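Input: a single structure, listed below in structure tokens.
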Amino acid sequence: MIQISEVAAKQIAKVKQDENKATATFLRVKVVGGGCSGMSYKLDFDDKKNDGDKVFSQQGVEVVIDTKSYLYLIGSMLDFSGGLNGKGFFITNPNAKKSCGCGTSFAV
């Protein structure tokens, strides 16, 4: 399961509205190859579910994760930090063994 903080949920709703993504029904979270440490997170709005997708609903936000990405994200927290020194959206992942200096990529 992946957790979504209240702050992240509010920001997801705001971004969805600001980007006029009214037709997108959920947030897709994915792990992709790349970044300094080997893997990165990708967040997109989507409206099509695939066979095997894991679906979570929290704080009024539906999150969908493909099966492969889910294996890397079990127990993670999606959060948001704003302000001048904020990171934006970030994932606290207990499965990550190391991450790059900027915190946008990880390795297991």
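The values are calculated or read from the model by the stated rules, or taken from the named source; none is laboratory data. Quick caveat: nothing in here was measured; it's all calculated off a predicted structure. Please note: Cβ atoms are built from the backbone with ideal geometry, for glycine as well, and neighbour counts cover all protein chains shown.
Key figures
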item: Near pairs, Cβ below 7 angstrom, 6+ apart or cross-chain, from region 1-22 (in contact (Cβ under 8 Å) with a residue 12 or more places away in the chain) to any residue that is in a helix (DSSP H, G or I) and of a type outside the set (Val, Ile, Thr); result: 2/73
item: Inter-residue pairs, beta-carbon under 8 Å, first in contact (Cβ under 8 Å) with a residue 12 or more places away in the chain and in region 59-72, second surrounded by fewer than 20 Cβ atoms within 10 Å (Cβ to Cβ) and among the hydroxyl-bearing types (Ser, Thr, Tyr), 6+ apart; result: 59/5; 62/25; 63/57
item: Odd one out for residue 71, checked against (1) touching a helix residue (DSSP H, G or I) at 6+ places or on another chain (Cβ under 8 Å); (2) surrounded by fewer than 16 Cβ atoms within 10 Å (Cβ to Cβ); (3) not basic (Lys, Arg); result: (1)
item: Qualifying residues in region 76-94 (those that are touching a residue at least 12 places away in the same chain (Cβ under 8 Å) and loosely packed, with under 14 Cβ neighbours inside 10 Å) - the one nearest to residue 7 (Cα to Cα); result: 82
item: Selection from region 45-76 of residues that are assigned to a loop (DSSP other than H, G, I, E, B) and hydroxyl-bearing (Ser, Thr, Tyr); result: 76
item: Filter pass, residue 66 being among the acidic types (Asp, Glu), closer than 22 Å to residue 108 by Cα and touching a Phe, Trp or Tyr at 6+ places or on another chain (Cβ under 8 Å); result: no
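This table checks each residue for (1) under 18 Å from residue 90 (Cβ atoms); (2) at pLDDT below 90; (3) over 16 Å from the mean Cα position of the chain (by Cα).
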site	(1), (2), (3)
5	yes, no, no
9	yes, no, no
17	no, yes, yes
22	no, yes, yes
26	no, no, no
29	yes, no, no
33	no, yes, no
36	yes, yes, yes
55	no, no, no
